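Chemist: Have a look at this one.
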Amino acid sequence: MDMYQNPYMGLPGITPEELGFLQQATAELSENQQKYFYMSYTTKRKDPQDVLIFCIIGVFLVPGLQRFILGQVGMGVLYLFTVGLCFVGSIVDLVNHRSLAMEFNRKMAYESFQLAKMGN
């Protein structure tokens, strides 16, 4: 698949699972709506490698930083006050950083889809 035919291929750290999900989600949108979706989604999306970096920082410096970045403020505060749930939660997040990023990106795709449908 050519990057010029599919703009999602240029997103950093995109997985085949995420690519398939995005293609399926935008299939019913018009061309203008797809452009709006793409612009909205790319500004909100988190790269799994960035989430990994935030998890590493969360283990060693600021417990729960990854949760704050992913919009999970309650969990971030819990991690902060319990030192990453005694480091166990922070280490689990470190191992599962890809699934954390994918879950966040799915929410942002849904939000972007709703905006694109309403906007045009």
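Every read-out reported here was derived from the displayed coordinates using simple, explicitly stated rules and does not represent laboratory data. Note that this is a predicted model, so its numbers are computed, not measured. A quick note on method: Cβ atoms are made from the backbone with ideal geometry, for glycine too, and the neighbour counts reach across all protein chains shown.
Chemist: Just checking, how many residues over the range 20-31 are free of Cβ contacts under 8 Å to residues at least 24 places away in the same chain and either assigned to a helix (DSSP H, G or I) or under 12 Å from Arg106 (Cα atoms) (or both)?
Modeler: Step one: of the range 20-31, the residues free of Cβ contacts under 8 Å to residues at least 24 places away in the same chain are 20, 23-24, 27-28, 31.
Checking which are either assigned to a helix (DSSP H, G or I) or under 12 Å from Arg106 (Cα atoms) (or both) leaves us with 20, 23-24, 31.
Residues flagged as free of Cβ contacts under 8 Å to residues at least 24 places away in the same chain and either assigned to a helix (DSSP H, G or I) or under 12 Å from Arg106 (Cα atoms) (or both) within the range 20-31 amount to 4.
Here is a yes/no grid of residues against (1) loosely packed, with under 14 Cβ neighbours inside 10 Å; (2) farther than 30 Å from Met118 by Cα; (3) free of Cβ contacts under 8 Å to residues at least 40 places away in the same chain:
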| position | (1), (2), (3) |
| --- | --- |
| Glu18 | no, no, no |
| Gln33 | no, no, no |
| Tyr36 | no, no, no |
| Gln66 | no, yes, yes |
| Val73 | yes, no, yes |
| Leu80 | no, yes, yes |
| Asp93 | no, yes, yes |
| Leu100 | no, no, no |
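Chemist: Now a separate question. Which of the following residues is part of a helix (DSSP H, G or I) and touching a Cys at 6+ places or on another chain (Cβ under 9 Å): Gln34, Gln66, Gln49?
Modeler: Numbers: Gln34 fails: touching a Cys at 6+ places or on another chain (Cβ under 9 Å); Gln49 fails: touching a Cys at 6+ places or on another chain (Cβ under 9 Å).
None of the other options fit; the residue is Gln66.
Chemist: Now for a different question. Pull out all pairs, ordered by first then second residue, where Cβ-Cβ is under 8 Å, the residues are six or more apart or on different chains, the first lies in the range 53-64 and is touching a residue at least 24 places away in the same chain (Cβ under 8 Å) and under 10 Å from Ser90 (Cα atoms), and the second is of a type in the set (Lys, Arg) and surrounded by 15 or more Cβ atoms within 10 Å (Cβ to Cβ).
Modeler: These pairs meet every condition: Gly58/Arg67.
Chemist: Residues in the range 41-59: is at least one crowded, with 19+ Cβ neighbours inside 10 Å and of a type in the set (Lys, Arg)?
Modeler: Yes, the range 41-59 contains at least one residue that is crowded, with 19+ Cβ neighbours inside 10 Å and of a type in the set (Lys, Arg).
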